[in-house]
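The values are calculated or read from the model by the stated rules, or taken from the named source; none is laboratory data. Please read these numbers as outputs of a predicted model, since none were measured by experiment. Please note: Cβ atoms are built from the backbone with ideal geometry, for glycine as well, and neighbour counts cover all protein chains shown. The accessibility values were calculated without ligands, DNA or RNA, using every heavy atom of the protein model including side chains. Shrake-Rupley method; radii C 1.70, N 1.55, O 1.52, S 1.80 Å.
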Amino acid sequence: MELTNEQIEIINSTGNIKINAVAGSGKTTTIIEYARTRPHQSKILYLAFNKSVKQEAQKKFIEKGINNVKVHTAHSLAFGRMVMGTIYENKVKRTEYRSYEIAEILELSGNGEKHAEYIVANHVQKFLAYFCNSNKKNIQELNYLDIVADNKAKAFVRNFYEYIETATKLLYDKMDKAEIEITHDFYLKKYQLSNPKLRVDYILFDEGQDASPAMLDIFLKQEATKVIVGDAHQQIYAWRFAVNSLEQAEFKSYNLSTSFRFSQDIANLAIEILKWKNNIADFKPIPIIGKGITKETVTQAVLARTNLGLLQKAIRYVTEKNKVKQIYFEGNINSYTYADDGASLYDVLHLFNNKNAFIKDKLIRQMNDLKELEDYIEKTEDVQLGIMVDIVKEFGNEIPEKIKALKDRHVLNDERENAEIIFSTVHRSKGMEYDAIDLVDDFITEERLIDELEKEGHNIGKLNEEINLLYVAVTRTKNIIHIPSTLMPKDFPASPQIKIRIIKPKEEKENVATTNSTLKKEKAYSVEGARLVNVAAYKPWTQELDEELTEMFCENVSIEIMAKHFGRTLGAIKSRIEKLELEDLYR
């Protein structure tokens with residue numbers, strides 16, 4: 001491919017540099033070309049954010065015949081130095097410690113407050129992760145309250161702060177002495193504290209916006225020529241203590257502002273969403289030039305902000321759209337029904353039904369009812385458990401049947417390309433791209449952003465990240481985006497590539513549902529009767545109605561349901577589909 005002037009500037013640069021790369025701007029291509037043009041005898045280290053990025057980078061360097069580049073994640077570097085051949089070699093815990101495990105290891109006491117030992121254990125786990133991902137030398141240098149947002153959780157932590165801090169130190173010491181299994185965060189921290197010296201000439205640090213302070217500290221202390229690349233607006237891992245390393249690295253700055261993934265229409269939409277940050281502080285995004293030319297829609301994906309939003313949408317697909325036979329969930333469907341600590345959606349359902357004997361998770365089994373679990377969630381800010389409770393409240397005892405319907409249609413990982421629809425949350429779709437995407441209506445809107453900013457004690461960093469999440473979602477498409485009207489920037493127009501799905505207010509939705517229910521019961525035995533039932537059949541089609549019809553067509557909604565929804569005859573719907581050439585465009 002022909003390189004842009006921005007890419008050429010970067011490749012020809014010298015010294016330490018940082019690159020702010022917009023979505024789809026060919027940053028991997030740029031880094032590969034940068035490495036290829038360095039002296040052949042140079043030793044180059046490419047630092048990838050995670051294992052999947054590492055494997056993809058290794059493949060691309062090999063394809064280009066570049067043999068002087070070693071590809072690692074920060075954790076793989078740390079594992080080789082701090083774990084292999086040490087007392088920790090066979091003591092790495094595969095999963096995170098669960099709250100009840102920490103409570104038992106440390107023999108925590110509840111001090112009379114219900115389930116307090118488990119709440120303390122949850123905070124100990126988070127405090128330890130906070131320290132291990134920081135650049136501090138001692139736990140007491142951090143104030144754990146800085147990362148606790150919920151008022152009820154803050155109140156609990158204040159009451160037990162000394163106890164939580166002491167327990168956190170004790171847990172770290174037990175790992176340090178190899179008395180218990182160590183976590184991945186722990187050995188990365190040990191590596192950072194060892195002040196490692198990497199014997200390389202160049203370090204290329206990818207996805208810099210998602211680096212932890214510990215990773216950044218290791219990187220910045222090296223004597224090699226350093227290149228850090230990322231997109232400040234794709235920082236969506238602050239909950240994992242990520243910091244925007246591009247802002248903290250005082251290097252000469254370069255931009256990659258041309259996206260080869262999507263068109264200018266999508267680029268403009270992304271820019272307008274980023275401008276919502278002006279509600280938080282003065283903000284001027286770098287321009288995004290969209291040069292994507294894809295016209296096909298082979299891969300289609302549904303993207304959501306939360307697991308709940310995604311499952312709701314997926315369940316509607318399999319219950320209302322019988323034509324969809326093969327689906328795929330990014331990250332495997334089972335990961336959407338289990339929390340990181342092992343708690344299952346079914347455990348929460350059993351608690352909901354007062355069937356504690358069937359609950360496998362030890363923590364949830366301690367709860368008498370859902371209200372106690374919700375109290376635990378409020379005091380710990382356990383987001384994943386909170387989402388599970390929301391799902392159980394939404395679907396109740398229909399969950400097993402709904403999940404089975406999804407699993408029956410789910411294809412295996414190596415058959416992913418056969419899926420008609422791919423379902424994913426934004427976090428799991430990071431780094432992915434699809435020909436067409438459909439956004440679920442569970443992202444932040446500008447109206448809600450403004451409301452949140454008016455609340456006392458609002459978290460600016462979190463709100464900034466919520467805007468980033470929508471930006472990342474929008475920029476996953478190569479061609480078409482179906483976006484709820486609630487998420488559209490004010491006065492932003494629809495286009496052939498931007499299909500706006502009208503989201504009606506709750507009251508209006510209820511009225512439509514009532515009307516459709518009435519229509520199902522009525523029968524028209526004459527032309528006059530048909531005209532009474534299909535009251536909209538002779539009204540002109542508007543752009544909004546056409547866009548709604550297109551959205552339903554793309555989702556494989558039956559013509560019968562569309563006719564009832566719009567209050568028109570089957571013939572009118574078929575005629576409009578033909579008029580809009582939807583069969584040619586989307587089949």
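Scan the stretch 129-154 residue by residue and report those that are in a helix (DSSP H, G or I), in contact (Cβ under 8 Å) with a residue 12 or more places away in the chain, within 26 Å of Gly112 (Cβ to Cβ) and open to solvent by less than 60 Å² (accessible area, probe 1.4 Å). Matches in the stretch 129-154: Tyr144, Leu145, Ala153. One residue stands out among those in the stretch 477-500 that are open to solvent by 30 Å² or more (accessible area, probe 1.4 Å) and over 21 Å from Glu447 (Cα atoms): the one that is farthest from the chain's Cα centre (by Cα), which is Pro496.
Give the residue, chosen from Glu465, Glu456, that is of a type in the set (Asp, Glu), part of a loop (DSSP other than H, G, I, E, B) and either at negative phi or open to solvent by 10 Å² or more (accessible area, probe 1.4 Å) (or both). Show your work before the answer.
Details: Glu465 fails: part of a loop (DSSP other than H, G, I, E, B).
Of Glu465, Glu456, the one residue that is of a type in the set (Asp, Glu), part of a loop (DSSP other than H, G, I, E, B) and either at negative phi or open to solvent by 10 Å² or more (accessible area, probe 1.4 Å) (or both) is Glu456.
Sub-8 Å Cβ pairs linking a first residue in the stretch 105-128 that is on the phi < 0 side of the Ramachandran plot to a second residue that is among the aliphatic types (A, V, I, L, M) and open to solvent by 50 Å² or more (accessible area, probe 1.4 Å), at least 6 apart or interchain, are Leu106/Leu170; Lys126/Ile147, ordered by first then second residue.
Within the stretch 244-253, work out how many residues are open to solvent by less than 30 Å² (accessible area, probe 1.4 Å) and either within 26 Å of Leu128 (Cβ to Cβ) or at pLDDT 90 or above (or both). Don't jump to the end; show me each part of the working.
Taking the stretch 244-253 and keeping what is open to solvent by less than 30 Å² (accessible area, probe 1.4 Å), we get 244-246, 249.
Now restrict to residues that are either within 26 Å of Leu128 (Cβ to Cβ) or at pLDDT 90 or above (or both): 244-245.
Total satisfying the criteria: 2.
Inside the stretch 200-223, residues that are open to solvent by less than 10 Å² (accessible area, probe 1.4 Å), more than 16 Å from His72 (Cα to Cα) and over 17 Å from the mean Cα position of the chain (by Cα) make up a count of 0. Taken over the stretch 242-273, the criterion of being under 27 Å from Asn16 (Cβ atoms) and either assigned to a loop (DSSP other than H, G, I, E, B) or in contact with a Phe, Trp or Tyr (Cβ under 8 Å, 6 or more places away or on another chain) (or both) is satisfied by Ala242, Asn244, Ser245, Ala249, Glu250, Phe251, Ser257, Phe260. Filtering Val411, Val426 for residues that are in contact (Cβ under 8 Å) with a residue 60 or more places away in the chain, closer than 30 Å to Ala242 by Cα and out of contact with any Pro (no Cβ under 6 Å at 6 or more places or on another chain) leaves a single hit, Val426.
Determine whether Phe61 is without any contact (Cβ under 8 Å) to a residue 60 or more places away in the chain, among the aromatic types (Phe, Trp, Tyr) and farther than 30 Å from Lys154 by Cβ. So Phe61 fits the description; yes. Among the residues of the stretch 341-357, none qualifies, meaning not one is at pLDDT below 90, part of a helix (DSSP H, G or I) and in contact with an Asp or Glu (Cβ under 7 Å, 6 or more places away or on another chain). A Cβ distance below 9 Å, combined with a sequence gap of six or more or placement on separate chains, defines the contacts here; from the stretch 250-264, residues that are without any contact (Cβ under 8 Å) to a residue 60 or more places away in the chain reach residues that are part of a loop (DSSP other than H, G, I, E, B) and open to solvent by less than 20 Å² (accessible area, probe 1.4 Å) in the pairs Gln264/Ile288; Gln264/Gly292.
Of all helices (runs of 4 or more DSSP H) completely enclosed by the stretch 359-419, which ones contain at least 3 residues that are of a type in the set (D, E, K, R)?
Details: elements: 362-365, 370-380, 383-395, 399-409.
Per the criteria, 370-380, 383-395, 399-409.
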